């Protein structure tokens, strides 16, 4: 999606859902370069091709052994499924409604905000990617780094 994609926000869990902060709009020239490479989906305003993932800067850095609350915000017009490699997370809330489930993959509806929590134990770089092949093949890939 040229117009945004998915926002991944780390930090303390807010008491009530708040709109995600605005991501800077990509420059038109940058959009043309991305689309020329077949990249249309983004995580935190960045698109990555699979062959670039090893060198890609992390979209999220998490301290090992600490608890982290993360808000996933789908800025899309279609549902998006995301998978985090190497870790399970607990779903805390969906659009402000309490939820309690353990997952490694989550489906977000258009405009939906899902809050998750995780305590990563293994250091390293782990892929966060769209599970729809066309989404991950066209930019919905990112790295979560555990240090």
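The values are calculated or read from the model by the stated rules, or taken from the named source; none is laboratory data. Note that the structure is a prediction, hence the values are computed from the model and not measured. Here the Cβ is made from the backbone with ideal geometry for all residues, glycine too, and neighbour counts use every protein chain on show.
Considering every residue within region 112-120, establish whether at least one is modelled with pLDDT under 85 and either farther than 26 Å from residue 29 by Cβ or not in a strand (DSSP E or B) (or both). No: zero hits.
Results for (1) in contact (Cβ under 8 Å) with a residue 12 or more places away in the chain; (2) more than 14 Å from the chain's Cα centre (by Cα), shown as yes or no for each residue.
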{"position": "95", "(1), (2)": "yes, yes"}
{"position": "98", "(1), (2)": "no, yes"}
{"position": "102", "(1), (2)": "yes, yes"}
{"position": "105", "(1), (2)": "yes, no"}
{"position": "122", "(1), (2)": "yes, yes"}
{"position": "128", "(1), (2)": "yes, no"}
{"position": "134", "(1), (2)": "no, yes"}
{"position": "137", "(1), (2)": "yes, yes"}
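Applying the selection to region 83-96, what residues are part of a strand (DSSP E or B) and under 13 Å from residue 112 (Cα atoms)? 93, 94, listed by residue number.
So in region 24-66, with the set limited to residues that are part of a loop (DSSP other than H, G, I, E, B) and touching a strand residue (DSSP E or B) at 6+ places or on another chain (Cβ under 6 Å), which one is modelled with the highest pLDDT? Among those that are part of a loop (DSSP other than H, G, I, E, B) and touching a strand residue (DSSP E or B) at 6+ places or on another chain (Cβ under 6 Å), it is 64. Only residues that are over 14 Å from residue 51 (Cβ atoms) and either in contact with a strand residue (DSSP E or B) (Cβ under 8 Å, 6 or more places away or on another chain) or modelled with pLDDT of 90 or more (or both) were counted in region 127-147, giving 11. Restricting region 76-92 to residues that are crowded, with 20+ Cβ neighbours inside 10 Å and out of contact with any helix residue (DSSP H, G or I) (no Cβ under 8 Å at 6 or more places or on another chain), which is modelled with the lowest pLDDT? Only one residue tops the list, namely 76.
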